[in-house]
1. Pull up the stretch 191-200, narrow it to residues that are away from the ligand (no atom under 16 Å from the Cβ) and not β-branched (Val, Ile, Thr), then point me to the one that is surrounded by the most Cβ atoms within 10 Å (Cβ to Cβ).
2. May I ask you to verify whether residue 188 is small (Gly, Ala, Ser), away from the ligand (no atom under 13 Å from the Cβ) and surrounded by fewer than 17 Cβ atoms within 10 Å (Cβ to Cβ)?
3. In the stretch 701-712, how many are out of contact with any helix residue (DSSP H, G or I) (no Cβ under 8 Å at 6 or more places or on another chain) and either part of a strand (DSSP E or B) or of a type in the set (A, V, I, L, M) (or both)?
4. Do we find a residue being buried (at least 20 other Cβ atoms within 10 Å of the Cβ) and under 30 Å from residue 499 (Cα atoms) anywhere in the stretch 649-659?
5. Determine which member of the set 670, 597 is in contact with an Asp or Glu (Cβ under 9 Å, 6 or more places away or on another chain) and of a type in the set (Val, Ile, Thr).
6. Given the options 156, 116, name the one that is within 12 Å of the ligand (Cβ to nearest atom), outside the structural domain of residue 222 (by the TED database) and under 26 Å from the mean Cα position of the chain (by Cα).
7. Residues that are touching a Ser or Thr at 6+ places or on another chain (Cβ under 9 Å) and within 30 Å of residue 553 (Cα to Cα): does the stretch 665-684 have at least one?
Amino acid sequence: MTNTPIRIGVLTSGGDAPGMNAAVRAVVRTGISHGCEVYAIYEGYKGLIQGGTLIRRMDWSSVGGIIQRGGTIIGTARSAEFRTREGRRQAAANLVTLGIDRLVIIGGDGSLTGADLFRREWPELLAELVAAGTISEAQAAAHPHLRIAGIVGSIDNDFCGTDMTIGADTALHRITEAIDAISSTAASHQRTFVIEVMGRNCGYLALMGAIAGGADWAFIPEMPPQMDDWEQHMCDVLRIGREHGRRDSIVVVAEGACDRHGKPITAHYVKKVLEERLGEDTRVTILGHVQRGGAPSAFDRWMSSLLGATAVEELLNADADAEPKLIGLRENRVVRLPLMTCVSDTRQVAEAIAQHDYERAIAMRGNSFVEAYRTLGTLIQSQPSPPDRLRRGHRFAVMHSGGPAPGMNTAVRAAVRIGIDRGHTMLGVRNGFQGLIDGDIFEMDWMSVSGWATMGGAELGTNRKIPQGSELYQIARNIERFGIDGILMIGGWAGYQAAYKLYSERHIFPAFNIPIICLPATIDNNLPGSELSLGADTALNSIVHAVDRIKQSAVASRRCFIVEVMGRDCGYLALMSGLATGAERVYLPEEGINLRTLQSDLDEMMEWFRRGKRLSLIIRNEKANPIYTTSFICSLFEEEGGKLFEVRQAILGHLQQGGDPSPFDRIQATRLAVRCIEFLIEHADRQEPVGAFIGYRGGKVQVHPIEDMPRLMDPVHARPREQWWLALRQMTRLLTTPPVFHQVE
Ligand code: ATP
């Protein structure tokens with residue numbers, strides 16, 4: 001028996017998608033860490049057939065510095081030849097000759113179908129190659145099976161089985177940036193814009209882009225307009241919006257949008273309709289390939305890294321004849337799913353649309369997609385439905401508390417509009433609980449939140465005030481004075497504590513016997529009952545963007561950067577930004593820092609620089625340790641590093657709390673706010689004085705009774721007792737520390 005290492009190939013195929021590089025990097029480094037040899041197959045299946053220099057062995061550093069780059073550095077192509085048996089036979093010959101019998105394929109449904117066919121044919125292809133004398137019997141015998149693992153790279157998010165595909169989040173970033181930019185010019189000239197986005201069979205980008213961009217109308221392939229004269233309905237709604245004071249109209253059209261009879265609804269047709277029926281100055285913008293390009297978002301970097309690493313684990317652990325797996329993300333966790341079932345389900349959606357069977361198409365997209373479509377339908381109305389006369393309209397207060405978090409305004413907009421739409425009065429409380437104490441409360445109407453979907457900051461104002469003593473009495477009086485029937489608190493740790501305080505003082509203040517619900521909004525992501533709070537994704541993207549720039553500033557020198565990020569006692573931002581930027585070390589408050597860690601990290605870093613490394617990155621959470629501060633670590637490393645490397649610190653500060661919310665934060669804000677208002681209505685109707693906090697857990701929205709708050713919170717460290725992302729700690733080290741260093745310590 002020889003000790004031939006396991007050889008793994010990785011290729012990207014079909015359309016490129018931002019995040020593919022992070023997946024390739026993870027495949028290469030995870031493979032090397034497990035003692036495998038990893039080969040990159042350049043130009044997709046074309047390279048597999050051509051072989052030669054298009055199949056190259058990768059080492060640790062060949063995937064260095066690529067995580068932040070858009071597209072795919074190993075190239076992608078479409079190959080007609082791979083669709084032929086001759087082409088696949090040649091591809092098999094190239095792989096067997098190099099001893100590669102495991103492949104990670106990153107591509108769309110076509111690429112994954114091709115890979116599965118190749119896998120099934122493999123034994124026959126090898127037999128044919130032996131018969132033709134191209135390979136020896138021994139070579140064929142050494143590689144009886146081809147193992148494959150698939151990862152979906154597609155900006156459309158059009159794949160069944162996985163909640164997100166590589167590139168979709170980044171594409172949404174590009175779309176919302178474009179809609180934001182277009183909206184400002186549209187509003188200046190009181191214009192209407194029709195924006196076409198990608199998505200032939202999948203309306204994900206159009207639907208989520210419209211929600212995130214605060215658009216006024218959207219067309220998607222799975223949900224054609226209900227009525228035949230949809231043109232008039234759209235024009236009526238847009239006209240009323242203008243009459244109510246909106247200065248622009250934005251219509252988003254998916255490239256595959258059709259009416260109920262399958263007739264395409266194109267951006268140019270919509271423009272014609274709007275010009276003819278409304279006489280509006282209407283422009284068309286087709287976003288095109290801009291959506292595919294640019295640096296990947298933080299999510300696409302860390303998710304793709306996890307998928308790539310898991311694909312290698314799958315190839316190393318699965319039985320040779322096991323059904324091949326798709327590595328995907330479901331309910332915020334990496335999952336392994338039967339590859340061909342997912343491909344077949346995906347194709348069925350396209351078939352259903354082609355057959356105008358929209359019920360089936362939408363059913364296959366799942367509940368949250370349908371829910372998002374309905375929410376958009378409500379938010380874009382420019383005149384609320386008349387209130388239900390049989391029911392007394394309630395008066396609900398919306399407020400913030402805690403630090404500012406991008407997405408707060410988006411949530412208020414959705415809450416106010418949904419509340420009004422259902423026939424209730426919506427009150428805004430300025431300045432957090434201080435406003436509730438002072439009676440700084442006012443009625444909000446439909447247009448008062450116009451434009452808030454995309455705005456960073458917190459228009460209502462926020463602070464960390466937790467009411468005490470006689471202030472509670474003043475709050476009780478104001479609740480009675482303003483006739484408040486329920487409170488939605490959108491905020492962070494202080495807000496949760498304040499809401500709990502009101503709830504637990506109900507026996508003293510009967511006015512507090514109203515439903516109260518907390519919606520998690522803080523960049524720190526330190527709240528119970530929610531895996532992700534509003535603002536955390538935006539902050540993560542701000543950090544990643546800043547670190548990209550910091551890294552670029554150091555191309556010519558041997559330099560170690562120590563970047564300090566926010567998060568208070570929660571290391572979420574530090575760890576996830578570490579994963580997304582390729583930081584070698586991450587210091588978390590959950591783990592702390594001690595002298596031994598610093599010593600061994602320093603030794604390792606010196607060894608890296610001795611071996612020619614030019615740049616090293618450490619991310620430190622602001623409260624990782626009170627003594628070993630960022631400046632302390634800088635001074636220590638600077639002193640010990642001597643002439644070997646320089647050290648620079650960057651404390652990112654408040655830029656992390658600012659900025660317009662990311663698409664994910666806007667979508668979550670809308671989704672959670674809608675559910676909160678439904679909660680308040682339901683319990684106010686039944687006169688149930690319940691308290692609750694809502695959150696996004698396991699990919700679903702969940703509502704927790706407020707009584708659970710103390711059980712789920714760690715009051716000493718102001719963070720939840722359970723933090724899902726801590727399981728990803730090993731990954732940062734695995735992907736940044738070559739195996740040779742595993743013995744250094
Ligand atoms: P995208 O979603 O971006 O279009 P995709 O992977 O679906 O990505 P395709 O053009 O369908 O893109 O497929 C990419 C390549 O995969 C094709 O050029 C071809 O080489 C191979 N391929 C696709 N379908 C098959 C098939 N049925 N049999 C063999 N190879 C295939």
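1. Restricting attention to the stretch 191-200, the residues satisfying the condition of being away from the ligand (no atom under 16 Å from the Cβ) are 191-196.
Those left that are additionally not β-branched (Val, Ile, Thr): 191, 193, 196.
Numbers: 191: 18, 193: 25, 196: 22.
Only one residue tops the list, namely 193.
2. yes
3. 3
4. Yes; the residues of the stretch 649-659 include at least one that is buried (at least 20 other Cβ atoms within 10 Å of the Cβ) and under 30 Å from residue 499 (Cα atoms).
5. Checking each option against the conditions leaves just 597.
6. Within the list 156, 116, the selection yields 156.
7. Scanning the stretch 665-684, I find at least one residue that is touching a Ser or Thr at 6+ places or on another chain (Cβ under 9 Å) and within 30 Å of residue 553 (Cα to Cα), so the answer is yes.
Here is a yes/no grid of residues against (1) buried (at least 24 other Cβ atoms within 10 Å of the Cβ); (2) within 19 Å of residue 412 (Cβ to Cβ); (3) in contact with a Pro (Cβ under 6 Å, 6 or more places away or on another chain):
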residue: 490; (1), (2), (3): yes, yes, no
residue: 499; (1), (2), (3): yes, yes, no
residue: 503; (1), (2), (3): no, no, no
residue: 524; (1), (2), (3): yes, no, no
residue: 527; (1), (2), (3): yes, yes, yes
residue: 540; (1), (2), (3): yes, no, no
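The values are calculated or read from the model by the stated rules, or taken from the named source; none is laboratory data. Since the structure is predicted, the reported quantities are computational estimates derived from the model, not experimental observations. Every residue, glycine as well, gets a Cβ built from its backbone with ideal geometry; the counts of neighbours run over all protein chains shown.
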